[in-house]
Amino acid sequence: MLTLKILAYFALILAVAKPLGAYMARLFSREKTYAVERAIYRLGGIDETKEQSWTAYTIAMLVFSAVTLFLTYVIERLQHLLPLNPDRLPAVAPDLAWNTAMSFTTNTNWQAYSGETTMSHLTQMLGLTLHNFVSAAVGIVLAIAIIRGIARASAKTLGNFWVDLTRCTLWLLLPLALVSAVLLASQGVTQNFHPTQQIKTLEGKAQKIPQGPIASQEAIKELGTNGGGFFNANSSHPYENPTPFSNLLEMFLIFAISAGLPITLGIWTRKPRHGWAVFWAMAILFLAAAFVATYAEQHGNPIHQRLGVARSDGNMEGKEVRFGIGDSSLFATITTDASCGAVNAMHDSFTPIGGSIPLLNIMLGEIVFGGVGAGLYGMFLFIVLAVFIAGLMVGRTPEYLGKKIEAHDVKLAMLAVLILAFSILVGTAVAAVTTAGTSSLANNGPHGLSEMTYAFTSAAGNNGSAFAGLNANTRFYDIGLALAMFAGRFLMIIPLMGIAGSLAAKRKLAEGVGTFPVDGPLFTFLLIGVILIVGALTYFPVLSLGPYVEQFLMNAGKVF
Amino acid sequence: MTVQQAPGPQIAPFVAGAPIPPPVKRQKAQSLFDRTILRRALVDSFFKLSPRRMMKNPVMFLVEVGALLTTILLVWDRLSSLSSVGQAGKPVLHETLFQTQITLWLWATVLFANFAEAVAEGRGKAQADALRKAKSDTVARKLPVWDRLSSLSSELPVWDRLSSLSSELPVWDRLSSLSSEVHAGEPARQGGQAGKPVLYEERVAASTLRKGDFVVVEANEFIPGDGTVIEGIASVNESAVTGESAPVIREAGGDRSAVTGGTLVLSDRIVVEITSNPGQTFLDRMIRLVEGAERQKTPNEIALDILLAGLTIVFLLATVTLKPFAIYSGSDVSVTILVALLVCLIPTTIGALLSAIGIAGMDRVLQHNILAMSGRAVEAAGDVNVLLLDKTGTITLGNRQAHSFHPAPEVSDGELAEIAQLSSLADETPEGRSIVVLAKEKFGLRGRELHDLGAKFVPFTARTRMSGLDFPDGRAIRKGAADAVDAFVRERGGSLPPAVRDDVARIAAEGGTPLVVADGRRVIGTVYLKDVVKGGMKERFDRLRMMGIRTVMITGDNPLTAATIARESGVDDFLAEAKPEDKLALIRAEQTKGNLVAMTGDGTNDAPALAQADVGMAMNTGTQAAKEAGNMVDLDSNPTKLIEVVEIGKQLLMTRGALTTFSIANDVAKYFAIIPALFLVTFPELQALNVMHLATPQSAILSAVIFNALIIVALIPLALRGVDYRPLGAGRILRRNLLLYGLGGVVIPFLGIKLIDLLLHAVRLA
């Protein structure tokens, strides 16, 4: 039954990949400029006809991100002076404001705060939801620029950042978000500007229920793989995710764009089969993770079973009864396969193995469909590595779609691999041996290690989901995690754009029977192998000291 | 153009008592694992421990640093345990045994890597020694002036390329310091040959000769330096360089003018203009190349090095951060164990063998008697997907051969054969001889002596385009091009019968060459000359096609002839009526289409094309200009060997890829051996990850380290010989190699580590 559910969900993604991929391929290569676009370009003083080199494109992206980062920081710090603050919330503290601004700019949406009690409506709508759109758009256009680099030959430019950004926001994110917001509202997701409501419960106690423009934020939260919830409880909150249908819709939105991008890659490189080979590598990793997580959760905690305190057919701790085990483990897999980070259950309460799936997903670099754009460009890194390692085995200088992969490209690829590994491992290592790091833990032992690892992994991977159980709003974590988010986003993208620029400039070699095949099942499995060996093995030691040992300990009757 | 069995009549027999050139053994004779090579390599592997040399290989350098670290720790721990008397007991002894073993095996890992490299260099070094002997202290007979200089200098090869090249090379000045003794100031009167000016010569050490000097070399003398023959003709024994003892002809002008220093003149006398400076001669370069002294990392090797260094840093991070994680988990990991883990995880297998693979690849090229100027060239050969081949000498035997007789009306086959044979008796051209052979084969006609007939031979000239015999009685027999013979018979009142004209047209249409034979005014018939395709060419081209390489035949023939040969030989494409400059244009066109082009050439006018091609293989018989322009020289001057070079290039890249994949795939098993062992004390539950059921934590770690070291030794033969290469499509090769080295790389260490663990346990070493 749960198997069927996973497969049905996957069928939806499979169905949407092609049309959306083709739509993006058209959107970003369209010659015509519409009047509304032109108006925006005139306003920003942008020459839409001029393309940018990879450096100019990257710099434009960095400047744009820096400006919006600063804007959000200012709004947070001044929210008590600004309108739309019905609950009269005070200014956000500097550490937290910095952490949050970085978190939303990097598409991480790590939330070291409870949105409903910290952020005013204006901060949520302007400061944060703005990033939900533009940080997603930035991710997508970076992937688009990289695809251009792969597809072009002997070219100096990768497109125009401002044009791509405008088109992505106007014609991809806004329409999809609008439709999904309406659909979500139809399920009962709140959309108003009311202050927090005071009600009396049946027991006669007073309860505060925060209100706000939730549906509009919810749609882009998923669609842009942002994951920052209006509420601290995120998608497990009934106002954010009330019904099984809204849950399915949210899961669908998380993968939709990312599933389309490999198809766009296939179309632009005139190698549709290559696009599908990449898609299937993602699909297989997704299905495997979803099945393992579901299986682990279904088997639950043997201690509970022995004691007879919990349902004998699975681990329901930290899960919403309206979703159950299937929808919760599936959601957890999807949200970490992508860099979304929205949660509808507490990953902290998963069984160790079940909880290691989201962790491993993020450690791999969120390349299983992945964050919008980020998933594809993360996968691009593994494609370059796979082509280089195995490409030699066919007896030629490794080439990817006619472009030789040379020392320069390998250097940049390894740099990107190192940045991610460094941010996760060194960050966690520092936390593990300092009081600043360990004092935030709610649990000790292997589970505590998992919590710290998850925090740095989630930040560096720009995921933003939390393992919970960790008090992240401390100076150490606010600053440390913000640095990890910065490295995971901006330091990662520079070498990748460098490879794209270098590929674009190369001449395209003719194809023949001696050419390394990048389509078909063989390439798909090669890619998966490289991802697992190069990507996962790095983290095997920390995983075995965290979730794996915990699982064995739990089986032996020991908990933390 | 292979002019190995020179047709020239004046080759003097090998002069008795002449100094026999030092025998350079054909490299094939020496085995890869010759005992002397192994012994030398064993010693070298210790010398290579010098950190300065190790630094070039970041992966193995890290292993060396790790080994040093564990050594220091071992000594330190023993010293501190000694000072605390009374505590030394069984556990300490046990710990010492373990630590000692780890340390020794780590050193062994480094030594094995060095050994692999040293073995790979071994054969080249042995060969370099042999070549050095050829650079014996020759005395050169230098001519202070030479009067034909001005008229010839314009034909001299351009040396810019070499000088720009050599300025980057380390100065090789051993020879010049060895014998800078100049035998100056004893001008000897030298009697020149008849008609030649009498020249004064100076006797100097060969090593002092510079570019632009002139030397005279006579029979039984060594040619003192590389140069171009500018006067005379001689037969030369080049075995010192090529290993081929059959003499070759070297003559002034044309494409056979280049001579190499260290080779021996067997007959006659030549004047040579020296074209290289001391230390930069062909022999010097060859020594440096075979020795690997100027071996530079190839582009691919650099890229792979970066990947390996990157992975090493990633694993360094993973290992170093394990310490804090362990501290947090309340478990302690010793530095020795962390070093052991690190060494197991970093790609030592490929790191240890990478340079050996490259050296061995160059060595394999050399075994085919091809001198590649750089590893880059060999690597590029693997990437080539268009091969330009000259028709003549490469695809065809180089000469047209008589194929059949087509008599004129009212003439019998036998009569045509007889007259054709008569006309060719004194004809020394391959075509002429083939007619005599065919007449003998088909009609049993034996050769007759010309002077018995009293006839006089009329040789072929470009003007008459005929050859034949003039008899004392005025009878004249001619054979030649149809229009020339037509003119000949017309003069005598005859004409070409329509049937013969038809034959001529038909043969030409088939791509053959018709030779019309006439006896006086009477036309006898036509001889069909055919370009004969070398045996086995079709199979080779099929093989190339399967590798994804397209062959293009270059010929000066008309398109019809070219098409016929192309069809017969199975090349994919041809360029007919090609002029030398067309080659260059064709290469450029192919490169623009994204192809990588290889070609062979020997003439001076091939030089630009050789330089433009991604892989340009010059024939050793070719001109200096051609040899300079190409990035390889085939010492046997056999153009079809380009195919072997392509295969070696591919094999080289495949070997690197296969071992890299294998090395990385190995990590899976090593993790499963070491990680549970590391924390077994703190978390006994991790035993579940000990899927190999290794005996104890110590034996698990030790087994992984030992496996990691031994696998290097086990793979040395593979690294040196290269992985099997089969001309299949890339997809099939990839599937095969992924299965073999990818999946094999995952599975083998599980078995290996388990086996070592059983052994260790059995002999109680852990």
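The values are calculated or read from the model by the stated rules, or taken from the named source; none is laboratory data. In this text the structure is predicted, and so the values were computed from the model without any measurement. We place every Cβ from the backbone using ideal geometry, glycine too, and count neighbours over all the protein chains shown. Protein only, heavy atoms only, side chains kept; ligands, DNA and RNA dropped before computing areas. Shrake-Rupley method; radii C 1.70, N 1.55, O 1.52, S 1.80 Å.
Mind counting the residues in segment B:607-626 that are open to solvent by less than 10 Å² (accessible area, probe 1.4 Å), more than 14 Å from chain A (Cβ to nearest Cβ) and under 21 Å from B:VAL386 (Cα atoms)?
Within segment B:607-626, residues that are open to solvent by less than 10 Å² (accessible area, probe 1.4 Å), more than 14 Å from chain A (Cβ to nearest Cβ) and under 21 Å from B:VAL386 (Cα atoms) number 8.
Within segment B:375-429, can you find the residues that are hydroxyl-bearing (Ser, Thr, Tyr) and open to solvent by 10 Å² or more (accessible area, probe 1.4 Å)?
As a first pass, look at segment B:375-429 and keep what is hydroxyl-bearing (Ser, Thr, Tyr): B:392, B:394, B:396, B:404, B:412, B:423-424, B:429.
Result: B:THR392, B:SER404, B:SER412, B:THR429.
Consider only pairs whose beta carbons are under 6 Å apart and that are at least six residues apart or on different chains; among these, list those whose first residue lies in segment B:101-122 and is crowded, with 24+ Cβ neighbours inside 10 Å and whose second residue is not in a helix (DSSP H, G or I).
Filtered contacts from segment B:101-122: B:ASN114/B:LYS48; B:GLU121/B:GLY292.
Conditions first: (1) in contact with a strand residue (DSSP E or B) (Cβ under 9 Å, 6 or more places away or on another chain); (2) open to solvent by less than 30 Å² (accessible area, probe 1.4 Å); (3) in a loop (DSSP other than H, G, I, E, B). A:PHE231 passes all but one, so which condition is the exception?
(1)
Being charged (D, E, K, R), more than 10 Å from every other protein chain (Cβ to nearest Cβ) and surrounded by 24 or more Cβ atoms within 10 Å (Cβ to Cβ) is the filter here; which residues of segment B:629-657 pass it? Before you say what the answer is, go through the steps one by one.
Step one: of segment B:629-657, the residues charged (D, E, K, R) are B:634, B:636, B:641, B:644, B:647, B:650, B:656.
Keeping just the survivors that are more than 10 Å from every other protein chain (Cβ to nearest Cβ) gives B:634, B:636, B:641, B:644.
Within segment B:629-657, B:ASP634 is the sole residue that qualifies.
Results for (1) hydroxyl-bearing (Ser, Thr, Tyr); (2) within 13 Å of another protein chain (Cβ to nearest Cβ); (3) open to solvent by less than 10 Å² (accessible area, probe 1.4 Å), shown as yes or no for each residue.
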residue: A:LEU359; (1), (2), (3): no, no, yes
residue: A:ILE367; (1), (2), (3): no, no, yes
residue: A:GLY371; (1), (2), (3): no, no, yes
residue: A:LEU376; (1), (2), (3): no, no, no
residue: A:PHE388; (1), (2), (3): no, yes, yes
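Here are some conditions: (1) open to solvent by 10 Å² or more (accessible area, probe 1.4 Å); (2) under 51 Å from the mean Cα position of the chain (by Cα). B:ARG475 meets all but one. Which one does it not meet?
(2)
Of everything in segment B:286-311, what is out of contact with any strand residue (DSSP E or B) (no Cβ under 8 Å at 6 or more places or on another chain) and more than 10 Å from chain A (Cβ to nearest Cβ)? Give them in sequence order.
Those that are out of contact with any strand residue (DSSP E or B) (no Cβ under 8 Å at 6 or more places or on another chain) and more than 10 Å from chain A (Cβ to nearest Cβ): B:ILE287, B:ARG288, B:VAL290, B:GLU291, B:GLY292, B:ALA293, B:GLU294, B:ARG295, B:GLN296.
Out of everything in segment B:511-544 that is closer than 29 Å to A:VAL394 by Cβ, basic (Lys, Arg) and touching a Ser or Thr at 6+ places or on another chain (Cβ under 8 Å), what residue ends up being farthest from the other protein chains (Cβ to nearest Cβ)? Don't jump to the end; show me each part of the working.
Filtering segment B:511-544 for residues closer than 29 Å to A:VAL394 by Cβ gives B:536-544.
Now narrow it down to the ones that are basic (Lys, Arg): B:538, B:540, B:543.
Still in the list and also touching a Ser or Thr at 6+ places or on another chain (Cβ under 8 Å): B:538, B:540.
Working: B:LYS538: 18, B:ARG540: 16 Å.
Out of the qualifying residues, it is B:LYS538.
Can you spot a residue in segment B:245-257 that is closer than 30 Å to A:ALA386 by Cβ, open to solvent by 10 Å² or more (accessible area, probe 1.4 Å) and of a type in the set (Lys, Arg)?
Of the residues in segment B:245-257, the ones closer than 30 Å to A:ALA386 by Cβ are none.
No.
Please count how many residues of segment A:403-423 are open to solvent by 10 Å² or more (accessible area, probe 1.4 Å), of a type outside the set (A, V, I, L, M, F, W, C) and either farther than 30 Å from B:THR321 by Cα or at the interface with another protein chain (Cβ under 7 Å from one of its Cβ atoms) (or both).
Start the filter on segment A:403-423 by keeping residues that are open to solvent by 10 Å² or more (accessible area, probe 1.4 Å), which leaves A:404, A:406-408, A:411-412, A:415, A:417-420, A:422-423.
Adding the requirement that they be of a type outside the set (A, V, I, L, M, F, W, C) leaves A:404, A:406, A:408, A:411, A:423.
Narrowing the set further to residues that are either farther than 30 Å from B:THR321 by Cα or at the interface with another protein chain (Cβ under 7 Å from one of its Cβ atoms) (or both) leaves A:404, A:406, A:411.
The qualifying residues number 3.
Taking the options B:THR682, B:THR660, name whichever one is over 23 Å from the mean Cα position of the chain (by Cα), in contact (Cβ under 8 Å) with a residue 60 or more places away in the chain, within 9 Å of chain A (Cβ to nearest Cβ) and outside any helix (DSSP H, G or I).
Details: B:THR660 fails: outside any helix (DSSP H, G or I).
None of the others qualify; the one that does is B:THR682.
For B:THR551, state whether it is within 14 Å of chain A (Cβ to nearest Cβ), touching a strand residue (DSSP E or B) at 6+ places or on another chain (Cβ under 8 Å) and part of a strand (DSSP E or B). Lay out the reasoning, then the answer.
Numbers: within 14 Å of chain A (Cβ to nearest Cβ): yes; touching a strand residue (DSSP E or B) at 6+ places or on another chain (Cβ under 8 Å): yes; part of a strand (DSSP E or B): yes.
Considered against the rule, which asks whether it is within 14 Å of chain A (Cβ to nearest Cβ), touching a strand residue (DSSP E or B) at 6+ places or on another chain (Cβ under 8 Å) and part of a strand (DSSP E or B), B:THR551 comes out as yes.
Residue check: is B:ALA700 more than 27 Å from B:ARG550 (Cβ to Cβ), in contact with a Pro (Cβ under 6 Å, 6 or more places away or on another chain) and buried (at least 24 other Cβ atoms within 10 Å of the Cβ)? Explain how you work it out, then say what you get.
On the way: more than 27 Å from B:ARG550 (Cβ to Cβ): yes; in contact with a Pro (Cβ under 6 Å, 6 or more places away or on another chain): no; buried (at least 24 other Cβ atoms within 10 Å of the Cβ): yes.
Taking the combined requirement at face value, the residue does not satisfy it.
Residues in segment A:88-107: is at least one in a helix (DSSP H, G or I), open to solvent by less than 50 Å² (accessible area, probe 1.4 Å) and among the β-branched types (Val, Ile, Thr)? Full working, then the answer.
Just the residues of segment A:88-107 that are in a helix (DSSP H, G or I), to begin with: A:94-105.
Those left that are additionally open to solvent by less than 50 Å² (accessible area, probe 1.4 Å): A:95-97, A:99-105.
With among the β-branched types (Val, Ile, Thr) added as a condition, the list becomes A:100, A:105.
The answer is yes; a qualifying residue exists.
Mind counting the residues in segment B:428-464 that are touching a strand residue (DSSP E or B) at 6+ places or on another chain (Cβ under 7 Å), part of a loop (DSSP other than H, G, I, E, B) and at pLDDT below 80?
The total comes to 1.
Please work out which residue is nearest to the other protein chains (Cβ to nearest Cβ), limiting yourself to segment A:516-559 and to residues that are at pLDDT below 85 and more than 29 Å from the chain's Cα centre (by Cα).
Result: A:PHE552.
I'd like to check something: does segment A:77-92 contain any residue that is among the aliphatic types (A, V, I, L, M), closer than 28 Å to A:LEU491 by Cα and free of Cβ contacts under 8 Å to residues at least 40 places away in the same chain?
As a first pass, look at segment A:77-92 and keep what is among the aliphatic types (A, V, I, L, M): A:78, A:81-82, A:84, A:89, A:91-92.
Restricting the remaining residues to those that are closer than 28 Å to A:LEU491 by Cα gives A:92.
From the residues that got through so far, the ones that are free of Cβ contacts under 8 Å to residues at least 40 places away in the same chain too are A:92.
The answer is yes, given that some residue of segment A:77-92 is among the aliphatic types (A, V, I, L, M), closer than 28 Å to A:LEU491 by Cα and free of Cβ contacts under 8 Å to residues at least 40 places away in the same chain.
Any residue at all in segment A:428-435 that is in contact (Cβ under 8 Å) with a residue 60 or more places away in the chain, within 9 Å of chain B (Cβ to nearest Cβ) and of a type outside the set (Gly, Ala, Ser)? Walk me through it before giving the result.
First pass over segment A:428-435, keeping only residues in contact (Cβ under 8 Å) with a residue 60 or more places away in the chain: A:428.
Filter again for within 9 Å of chain B (Cβ to nearest Cβ), leaving A:428.
Subset that is of a type outside the set (Gly, Ala, Ser): A:428.
Yes, that holds for at least one residue.
For the condition closer than 29 Å to B:PHE662 by Cα and away from chain B (no Cβ under 14 Å), what is the one hit in A:LEU509, A:LEU496?
Numbers: A:LEU509 fails: away from chain B (no Cβ under 14 Å).
Being closer than 29 Å to B:PHE662 by Cα and away from chain B (no Cβ under 14 Å) holds for just one of A:LEU509, A:LEU496, which is A:LEU496.
Residue-by-condition table, conditions (1) touching a residue at least 60 places away in the same chain (Cβ under 8 Å); (2) more than 15 Å from A:ILE147 (Cα to Cα); (3) assigned to a helix (DSSP H, G or I):
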site: A:GLY21; (1), (2), (3): yes, no, yes
site: A:ARG26; (1), (2), (3): no, no, yes
site: A:ARG38; (1), (2), (3): no, yes, yes
site: A:GLU48; (1), (2), (3): yes, yes, no
site: A:TYR57; (1), (2), (3): yes, no, yes
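Can you name the condition, by its number, that A:ALA442 falls short on among (1) in contact with a Gly (Cβ under 6 Å, 6 or more places away or on another chain); (2) surrounded by fewer than 24 Cβ atoms within 10 Å (Cβ to Cβ); (3) closer than 26 Å to A:PHE279 by Cβ?
(3)
With closer than 21 Å to B:LYS530 by Cα and not β-branched (Val, Ile, Thr) as the only criterion, which of B:GLY474, B:GLY493, B:GLY432 stands out?
On the way: B:GLY474 fails: closer than 21 Å to B:LYS530 by Cα; B:GLY493 fails: closer than 21 Å to B:LYS530 by Cα.
Answer to the selection: B:GLY432.
So which pairs qualify, if the first residue must be in segment A:534-560 and touching a residue at least 60 places away in the same chain (Cβ under 8 Å), the second must be of a type in the set (Asp, Glu), the Cβ gap must be under 8 Å, and the two must be at least 6 apart or on different chains?
Final answer for the pair search is A:VAL549/B:GLU685; A:LEU553/B:GLU685; A:ASN555/B:GLU685; A:PHE560/A:GLU550.
So that you can scan it fast, the table gives a plain yes or no per residue for (1) within 23 Å of B:ILE648 (Cα to Cα); (2) of a type outside the set (Asp, Glu); (3) in a helix (DSSP H, G or I):
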residue	(1), (2), (3)
B:LEU584	no, yes, yes
B:ILE587	yes, yes, yes
B:ASN595	yes, yes, no
B:PRO608	no, yes, yes
B:ALA611	yes, yes, yes
B:ALA618	yes, yes, no
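Going by what's in this entry, would B:GLU568 be described as part of a helix (DSSP H, G or I), under 30 Å from B:VAL378 (Cβ atoms) and not basic (Lys, Arg)?
Working: part of a helix (DSSP H, G or I): yes; under 30 Å from B:VAL378 (Cβ atoms): no; not basic (Lys, Arg): yes.
No: the conditions fail for B:GLU568.
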